[in-house]
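What follows is a single structure, written as structure tokens, with notes after it.
Just so it is clear, none of the values below were taken in a lab; they were calculated from the coordinates. Model, not experiment: these values are computed from the prediction. Glycine gets a Cβ as well: all are built from the backbone with ideal geometry, and neighbour counts include every protein chain shown.
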């Protein structure tokens, strides 16, 4: 599929297919170097629940708008 026809990035919440509007940057300090960042994408509806999940584990580093 040509890039211009690729599916838009979608929310990382299980079962959600909505377009992503937020990028949640995280890492697990037990296995990742401090500068390493992994990304979960979130729609507006799941931004808080995904952020809370990562924050409770002390994994959340940054939340940024995603376009």
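Taken over segment 13-50, the criterion of being in contact (Cβ under 8 Å) with a residue 40 or more places away in the chain and either surrounded by fewer than 16 Cβ atoms within 10 Å (Cβ to Cβ) or touching a helix residue (DSSP H, G or I) at 6+ places or on another chain (Cβ under 8 Å) (or both) is satisfied by 21, 22. The set of residues in segment 55-64 that are farther than 9 Å from residue 24 by Cα and either in contact (Cβ under 8 Å) with a residue 24 or more places away in the chain or touching a strand residue (DSSP E or B) at 6+ places or on another chain (Cβ under 6 Å) (or both) comprises 57, 58, 59.
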